[in-house]
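Here's the structure we're looking at; comments come further down.
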Amino acid sequence: MRVLITGCSSGFGLETALEFARRGHDVVATLRNLSKRDRLDARVDAENLHLEVLPLDVTKPSSVARAVEATLHEAPIDILVNNAGFQIWTSIEEATDEDVTRQFDTNVVGMLRMTRAVLPSMRARKSGVIVNVSSVVGMTGSPFEGLYSASKHAVEALSETLEFEVRGFGVRVVVVQPGGYPTEFADNARFGSQFDPTRSPYADGYRSWTGTLARMEGHTRADPRDVARTIVDAATSTSPPLYWPVGAEALLVDSLRRPVPFEDYEHALRTTLAWWD
């Protein structure tokens with residue numbers, strides 16, 4: 001199957017591109033900045049894998065259109081993995097409109113741009129899978145991660161809506177929710193434009209919360225490749241559930257916050273509304 005993946009310069013995106021390639025899929029790995037492809041290229045060469053690399057910035061509609069068109073020119077897209085994203089650290093009080101726009105433009109609007117670009121061809125073929133990478137904080141709020149958490153809540157709400165809308169066209173939607181993993185994601189996080197973690201009125205709370213996170217990460221040996229394997233399993237499953245929590249944190253939060261599986265809720269809602277595909 002032909003797979004288009006966003007955000008492949010490092011972390012889950014890189015590992016997912018490699019895992020799909022290992023399993024024999026036709027992979028198009030995209031990066032916002034091709035100058036950062038060295039790590040991906042080195043891993044591909046080391047394992048004697050094959051994949052195609054394209055530039056793609058999900059915040060730019062023209063870049064999305066070019067990458068999708070180039071991918072479709074060779075073959076239909078069977079699987080889209082919306083992985084590109086980043087995190088802004090800030091208190092809610094000190095979050096600026098600019099911070100909110102930057103966070104949502106990549107994590108939410110970028111996902112929508114990709115989905116809208118790929119869906120017409122999937123609908124026409126009555127086949128396709130859209131994988132949206134969320135987070136454990138897409139299930140619950142988290143101090144100083146409020147903008148990121150809100151963006152992932154939005155991804156999950158849009159994914160549920162999309163599942164209702166496109167299933168009748170033969171297109172499936174899955175959401176993968178990783179907990180904390182040792183990737184470059186934290187290194188790429190940014191502080192809000194008005195949030196100074198040393199001078200903020202919330203500095204003590206920030207230090208306490210991030211210290212807690214550091215201690216939790218120090219007691220885990222989570223492997224980012226587990227997330228990549230889950231993404232591939234979810235995308236290639238013949239009858240997947242909507243949500244796929246990965247890692248101890250995500251499984252715990254999922255058990256506490258979502259005791260009723262989405263599929264049970266969906267069936268009850270469709271029965272109540274007498275709305276079936």
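Values in this text are rule-based calculations from the coordinates and carry no lab data. Keep in mind the model is a prediction, meaning the values are calculated, not measured. Glycine also receives a Cβ, built like all others from the backbone with ideal geometry; neighbour counts cover every protein chain displayed.
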Between ASP105 and SER35, Cβ-based FRET efficiency (R0 25 Å, step 0.05) works out to 0.70
GNM of the chain, Cα pairs under 10 angstrom: of ASP41, ASP254, ASP57, the biggest fluctuation goes to ASP41
If amide H atoms are modeled at 1.01 Å from N in the peptide plane, then the residues at a separation of 5 or more from ALA84, or on another chain, having amide H under 5 Å from its own are THR6, GLY7
Highest mean packing first, using Cβ neighbours within 10 angstrom, the peptides 4-12, 16-24, 261-269, 227-235 sort as 4-12, 227-235, 16-24, 261-269
A student applying the Cα gyration tensor rule (rounded when a/c is under 1.5; otherwise prolate if a/b is larger than b/c, oblate if not) would label the stretch 16-64 oblate
Using eta = 1.567 mPa s and T = 4 °C, Stokes-Einstein with Kirkwood Rh from Cα pairs puts D for the chain, in µm² s⁻¹, at 67 µm²/s
The alpha-carbon center of the stretch 176-209 and that of the stretch 55-112 are separated, in whole Å, by 21 Å
For LYS152, counting only lysines whose alpha-carbon sits under 24 Å away and dropping same-chain residues fewer than eight positions off, the answer is LYS60
By the mean-Cβ-within-10 Å protection proxy, highest first, 101-108, 49-56 rank as 101-108, 49-56
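Within 10 Å, count the other beta carbons around each residue, average over each peptide in 190-196, 147-153, and list them highest first. Write out the running numbers ahead of the final one.
On the way: 190-196: 16.7, 147-153: 22.6.
The peptides rank, most packed first, as 147-153, 190-196.
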Calculated from DSSP helices alone, with each H run of at least 4 adding -39500 (n - 2.57) and the total divided by the residues of the chain, [θ]222 nm to the nearest 500 comes to -15000 deg cm²/dmol
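Rounded to the nearest angstrom and ordered from largest down, what semi-axes does the equivalent ellipsoid of the stretch 162-277 get from its C-alpha gyration tensor (root of 5λ)?
Numbers: eigenvalues 251, 67, 42 Å².
Square roots of five times the eigenvalues give 35, 18, 15 Å.
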